[in-house]
Each structure stands twice: as C-alpha cells, then as structure tokens.
Amino acid sequence: MISYFRSILPSRLVLLILLFLGIQLPLVLLGVRATAPELLHMLVGERLAEGFSMYRDIHDNTAPISALVFWVLDVAAGRSFMAYRLTAVGLLLLQALLLNSTLNRHNVYGTKNYLPALLYLVLGSLSFEFNMLTPLLIGNTFLILSLPYIITLSREGFDNNRLFVGGFMLGLAAMCYLPLAVFLLVGIFAVIFFASNTFRSTMLMLCGFAFPYAVLMTFYLYTNTTQEFLELHLLRPWQLQVAFLRPPADVAKLMIIPAAILLLSLLSSASLPQRLVFQVKFQQLMWVWLVASLLVIFTRDEISVATFVIVLPPIAYFGEFFFTSNRKGWILNTVFLVMLAGVLVLRYRLVLGLNPYLMMDDSPLLLPEQVEVPVQNATILVLGNDISYYMQNKPVTPYLNWQLAQRHFGRLNEYQALFQLHENFRHEMPQYLVDKAGMMPELNYKLPDVFGRYQQTDDPTVYKLK
C-alpha cells in the first residue's frame, strides 16, 4: 500500500482524499459531543456578529485573525458545531496538500510522492480534537504557507522580496495564535541556511512579520482599544503557567503513535546517503521546525492533543525517510497498517465505547450531552468557569472568559475595577446571573445599584433581574 503513494499520478491524490474523508466524515456527521473550547469560540464569533469589538467589548485572548474566522462562521452558519468541524477538516486537508506540494516542487526528496500528505492526513485523524477549529489549527495553515517563501533564496538569486512575504505569513500565523511567533526562529535559521546577505535578509523578514501588526495597531489606536489589545492579547499568552486540559496520561496514550513514527523516521534520516546541499539544509531547517513546535506546545497554559497539530508537518516530512527506506516492503506495509488501525481505534473509541478499556477520560473537554439548566433562551452571565449554561442561552457583557474576567471581578477592592464593572453592566444587563463563584453577596454590597437589582430564584446560584 505504501508503494502505491510513491507516485504523483492524479489517481493517488484522489484515493488519498477519499481515504481521509472516509476516516473523518462518519464521525463528523454522526456528531461528537460539544466541547468547551469550541463553544467559547462560537460565543466570540456570535458577539462579533452582533457588532461588538474584540478586546474592548469581548474580554478574551483569541487572536485577531482567528476571531475574524469565528465571526465569518457565525454569520454563515450560526452556532453550528458541524460547520466548525467541517472547516477544521478542510484546513487539515489543505495543509497536507500545501505541504506535500511544497516538498515536491522544491525537490526536497530524491523522488516526488504523496507520502508526506498521507502521513499528515492519517495522523491528523487520530483524535476528534484535531477536528476542533482552534486558533492553533488556523495559524498552522499560515506556517505551511510561509515555507516556500523562506527556503528559495539561494535558488532564486536576488529575489529577496519573497522573504518579506514569508515574514508576512509568519506574522499572520502569530495573529491567529500569538505563541506561533516562536516560528520566527525557523525564519531566522532559514536565512542563515539559504541567504547570502544574512543581515539584510533578516531585516526584510522581520519587516514582513511586523507589517500586519503595524496595520492592526493603527486600527486599534483609532478605535481606542490599544490598552485592551496589549493586555488581553499581546501580553496575556506569555504567562507561562503550564496546565493540561485533560490528564497527561491520556495525552501520552493518544500521541504514542505519532511519537513512534517520528522516532523511527528520525533514526532513518540519520542513515541517509549523501544528498544535495539544498536537501541537507532543508532537513536542518525541519529540525528547527520540530524544536520550535515542541517549544510552543510545552510552554502553553493549556495543553491537549489539539496543541500537537503543529508537530504534523515535521512528522510528515521525516516520515517519508522511513517509508522509502531500504527495509523490506512487508515491514513498511505492516508498520503503516498498524498505524492506520491504531488511528481508527483511537478515532472511534467514543462511538465504540472503548474508553473504559483504554482508561481514558474525555470529560474535561466535553460538555454534557443534555444540559439541565434552570434558565433557557435568555441573556445570562455566568460567574465561574461553567460555560455549559451558554449552550441554550445568549451571553451578554464582555466577560466571556472567566479567567480574564478576574481583571475586574478579582479586584473588587480597587475603585477602577468597580468602575469598569459598573460601566459594562450599565450598557448590558443580563436577565439572569449564574453565581458559580459565590460572589453575589460581595458584589451586591459594593455595587448595589447594579447587582442589587437581582433577586435570588429557587436555585440559590441563579439570580433574576427584577
């Protein structure tokens, strides 16, 4: 089966796409329970579609381009988990084809084939988390788009304008998910490996990276949102407080297959025969890409399987060396079939009820199937981390993200925080307050003209506007 994808005939591409859709679509169409990160992204898109401004009227650290994508999806499909997941499937397919096209077009390997795309798509089907439309997945698309622009300097003479475009793409990736700015290291090493005038080329790439941010900062200056943009987006993501969204043991179990393929591939790449200088330099650059990916993953405050999507490009690149090695064909086919079978088992473990046997717990990510809330079809604000109340209700006020809401709710002894709370509630008064944090007595005492207008219902955590 592996030998079939060592060709670049159109029939191979068609089968590759059908294989990927065959793995992905049944679970997408059957529907996996909603996840908390997806719901939060939908709420951001919904608020933007209602005309509110990011960061000023929506207190969340979602990056600008990702917020734009969520806004477009809300305008087009509303609160549709299927629309979000189909978009994620489309991005995965696009990324695999773009990466494979770049590798073939620049003769990175000895022969052209579809093996990198095959590995990318199969491993990208490992978990339903890769079907979550996350800012990291969106930003990964721009990282792959930047690759052909940062590796062609020595091949195209003095056409260094391409490097500006490469830096621009890296800037767009960071505007999807800010920690992807770490991939400037990849761009700098690309300049060192491929460029003749290192200083000039580096400055050109940095100008390309800074250009989209310069445009964005100009917009926020005119809309008087610069302070909120700096505090909620540029500064917040660099607070290195590593935490797993799900048990680390579960993440390790799910990533053991990609880790095994990567290890076998790295060992195979170490024993390659002599190759072209460009191919050697490209391999060195992909080592830097792999290190940058791991740096982004393990310096985040929210680590789950979904964050490992940025490791797919280096795994796909190095994986080709193993599956085109001189080992016997039956060994390579067996390894691939075991990998494919493992992916299918892990992919459909929820539908097949295998989680108890695998001792895995997806509940930290999944929202309840039937949300039993005392409030429905109303405007609410949840004081706490339980956003399941928003499944059947509409959020108001800027406080979507409870962690970021601590800028105000966590500083009730400060006048400025109380003033900001008063102003935000003056513009939007939710019909219900769900007090999961037990803050209503203190809020009622310090801002009685706002929170004194709410009375407790039969549910002691729910307050209704009088």
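Taking into account only those residues within the stretch 341-368 that are assigned to a loop (DSSP other than H, G, I, E, B) and aliphatic (A, V, I, L, M), which is farthest from residue 304 (Cα to Cα)?
Here the answer is 354.
Counting only residues that are open to solvent by less than 10 Å² (accessible area, probe 1.4 Å) and closer than 26 Å to residue 26 by Cβ, give me the helices (runs of 4 or more DSSP H) lying completely in the stretch 62-176 with at least 2 of them.
Those helices (runs of 4 or more DSSP H) span 81-105, 115-123, 135-150.
Filter the stretch 180-192 down to the residues that are surrounded by fewer than 21 Cβ atoms within 10 Å (Cβ to Cβ) and more than 11 Å from residue 292 (Cα to Cα) and list them by number.
Within the stretch 180-192, 188, 189, 192 meet the criteria.
Considering only residues that are touching a helix residue (DSSP H, G or I) at 6+ places or on another chain (Cβ under 9 Å), part of a loop (DSSP other than H, G, I, E, B) and exposed (fewer than 14 other Cβ atoms within 10 Å of the Cβ), which ones fall in the stretch 9-40?
Listed by number, the list holds a single entry, 31.
Are any residues in the stretch 438-450 surrounded by fewer than 16 Cβ atoms within 10 Å (Cβ to Cβ) and either in a loop (DSSP other than H, G, I, E, B) or among the polar types (S, T, N, Q) (or both), and if so, which ones?
438, 444 - these are the residues of the stretch 438-450 that are surrounded by fewer than 16 Cβ atoms within 10 Å (Cβ to Cβ) and either in a loop (DSSP other than H, G, I, E, B) or among the polar types (S, T, N, Q) (or both).
Of the residues 56, 47, which is among the charged types (D, E, K, R) and more than 17 Å from residue 74 (Cβ to Cβ)?
56
Here is a check on your reading of the model: is residue 348 under 29 Å from residue 247 (Cβ atoms), hydroxyl-bearing (Ser, Thr, Tyr) and in contact with a helix residue (DSSP H, G or I) (Cβ under 8 Å, 6 or more places away or on another chain)?
Answer is yes for this residue.
Report, ordered by the first and then the second residue, all pairs with beta carbons closer than 7 Å, sequence separation of six or more or different chains, a first member in the stretch 316-342 that is surrounded by 17 or more Cβ atoms within 10 Å (Cβ to Cβ), and a second member that is among the aliphatic types (A, V, I, L, M) and outside any helix (DSSP H, G or I).
Between residues of the stretch 316-342 that are surrounded by 17 or more Cβ atoms within 10 Å (Cβ to Cβ) and residues that are among the aliphatic types (A, V, I, L, M) and outside any helix (DSSP H, G or I), the close pairs are 321/272; 323/2; 332/2; 336/1; 336/2.
Residue by residue through the stretch 376-389, note down the ones that are within 22 Å of the chain's Cα centre (by Cα), under 15 Å from residue 433 (Cβ atoms) and open to solvent by less than 30 Å² (accessible area, probe 1.4 Å).
Within the stretch 376-389, just 387 meets the criteria.
Within the group 345, 305, 309, 351, which residue is modelled with pLDDT of 85 or more, open to solvent by 60 Å² or more (accessible area, probe 1.4 Å) and under 30 Å from residue 388 (Cβ atoms)?
Sole residue among the options that is modelled with pLDDT of 85 or more, open to solvent by 60 Å² or more (accessible area, probe 1.4 Å) and under 30 Å from residue 388 (Cβ atoms): 345.
Among the residues of the stretch 211-238, how many are modelled with pLDDT of 90 or more and under 23 Å from residue 293 (Cβ atoms)?
Matching residues across the stretch 211-238 total 2.
Identify, please: which residue in the stretch 78-118 is among the hydroxyl-bearing types (Ser, Thr, Tyr) and touching a residue at least 12 places away in the same chain (Cβ under 8 Å) and is, among those, farthest from residue 130 (Cα to Cα)?
That would be 111.
Scan 164, 81, 142, 130 and give me the residue that is at pLDDT 95 or above and touching a Gly at 6+ places or on another chain (Cβ under 9 Å).
142
Could you tell me which numbered condition residue 299 fails, if it satisfies all but one of (1) of a type outside the set (Asp, Glu); (2) under 20 Å from residue 112 (Cα atoms); (3) not in a helix (DSSP H, G or I)?
Condition not satisfied by residue 299: (2).
Only residues that are aliphatic (A, V, I, L, M) and either touching a strand residue (DSSP E or B) at 6+ places or on another chain (Cβ under 9 Å) or farther than 30 Å from residue 308 by Cβ (or both): list them for the stretch 179-219, please.
Scanning the stretch 179-219 gives 195, 203, 204, 214, 215, 217.
Cβ-Cβ distance below 7 Å, separation of 6 or more or different chains: which pairs start in the stretch 437-452 with a residue that is more than 16 Å from residue 406 (Cβ to Cβ) and of a type in the set (S, T, N, Q) and end on one that is open to solvent by less than 20 Å² (accessible area, probe 1.4 Å) and part of a helix (DSSP H, G or I)?
444/451
Checking the structure you have, find out if any residue of the stretch 239-251 is farther than 19 Å from residue 119 by Cα, of a type in the set (Asp, Glu) and open to solvent by less than 60 Å² (accessible area, probe 1.4 Å).
Checking the stretch 239-251: at least one residue is farther than 19 Å from residue 119 by Cα, of a type in the set (Asp, Glu) and open to solvent by less than 60 Å² (accessible area, probe 1.4 Å).
Can you name every residue in the stretch 398-435 that is open to solvent by 60 Å² or more (accessible area, probe 1.4 Å) and touching a Ser or Thr at 6+ places or on another chain (Cβ under 6 Å)?
431, the sole residue that qualifies.
Consider residue 265 carefully, then state whether it is open to solvent by 60 Å² or more (accessible area, probe 1.4 Å) and either more than 20 Å from residue 345 (Cα to Cα) or in contact with a strand residue (DSSP E or B) (Cβ under 8 Å, 6 or more places away or on another chain) (or both).
Spelling it out, it is not the case that residue 265 is open to solvent by 60 Å² or more (accessible area, probe 1.4 Å) and either more than 20 Å from residue 345 (Cα to Cα) or in contact with a strand residue (DSSP E or B) (Cβ under 8 Å, 6 or more places away or on another chain) (or both).
Which of (1) at pLDDT 90 or above; (2) under 18 Å from residue 336 (Cβ atoms); (3) outside any helix (DSSP H, G or I) does residue 1 not meet, given it meets every other one?
Every condition holds for residue 1 apart from (1).
The values are calculated or read from the model by the stated rules, or taken from the named source; none is laboratory data. As the structure is a prediction and not an experimental result, all values here were calculated from the model. Positions of Cβ are backbone-derived with ideal geometry, glycine not excepted, and every protein chain shown enters the neighbour counts. Ligands, DNA and RNA are excluded from the accessible area calculation, which covers all protein heavy atoms including side chains. Shrake-Rupley method; radii C 1.70, N 1.55, O 1.52, S 1.80 Å.
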